[in-house]
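Everything below concerns the one structure shown next.
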Amino acid sequence: MFTLIKSVSRFENHIDASIEKFIFHHKFLGFLMIFIGMPLVTLAAVCVCTTIITLPIAFLLGWI
């Protein structure tokens, strides 16, 4: 378990460093990615998860 946590932590640090390098190199694209892209990705994830949860319930209750 400790090995898995350490591996995930190392992966997270690598991704964080690469995103930081990208933002320092491309300031405008980084700004768009942070303030437009991330909220859209979050909204899409919420939409997909809600659909995955509610669609089977709708089928079971005969709403569709």
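The values are calculated or read from the model by the stated rules, or taken from the named source; none is laboratory data. Bear in mind the structure is a predicted one, so any value in this text is a computation, not a measurement. Positions of Cβ are backbone-derived with ideal geometry, glycine not excepted, and every protein chain shown enters the neighbour counts. Please note that ligands, DNA and RNA were not included when accessible areas were found on the heavy atoms of the full protein model with its side chains. Shrake-Rupley method; radii C 1.70, N 1.55, O 1.52, S 1.80 Å.
PHE22 exposes around 70 Å² of accessible area when a 1.4 Å probe is run over every protein chain in place. With every protein chain in place and a 1.4 angstrom probe, the accessible-area ranking of LYS27, LYS6, largest first, reads LYS27, LYS6. Approximating the spin labels as points 7 Å out from Cα along Cα→Cβ, the LEU32-to-ILE57 distance works out to 3.7 nm.
Projected label points at THR3 and SER18, each 7 Å from Cα along the beta carbon direction, are separated by 2.3 nanometres. Can you give the angle from 0 to 90° between the axis of helix 38-61 and the longest principal axis of the chain, with both taken from C-alpha atoms, to the nearest 10? Its long axis makes an angle of about 20 degrees.
Accessible surface calculations at 1.4 Å, restricted to protein heavy atoms, place the chain at 92 Å² per residue. Ranked by solvent-accessible area (1.4 Å probe, protein heavy atoms only, all chains present), the residues GLU12, GLU20 order from largest to smallest as GLU12, GLU20. Only helical runs count toward this figure. For the chain, summing -39,500 (n - 2.57) over DSSP H runs of n ≥ 4 and dividing by all residues gives -28500 deg cm²/dmol at 222 nm. Computed from Cα positions, the angle between helix 2-25 and the longest principal axis of the chain comes to roughly 70 degrees. Figure note: HIS26, HIS14 ranked by solvent-accessible area, largest first, 1.4 Å probe, ligands and nucleic acids not counted: HIS14, HIS26.
Starting from the Cα coordinates of the chain, work out the convex hull volume and express it per residue in Å³.
Details: hull volume 6.3 nm³, N = 64.
Measuring per residue, one finds 99 Å³ for the Cα hull of the chain.
For the chain, the fraction of 1.4 Å probe accessible surface lying on carbon and sulfur atoms is 78 percent.
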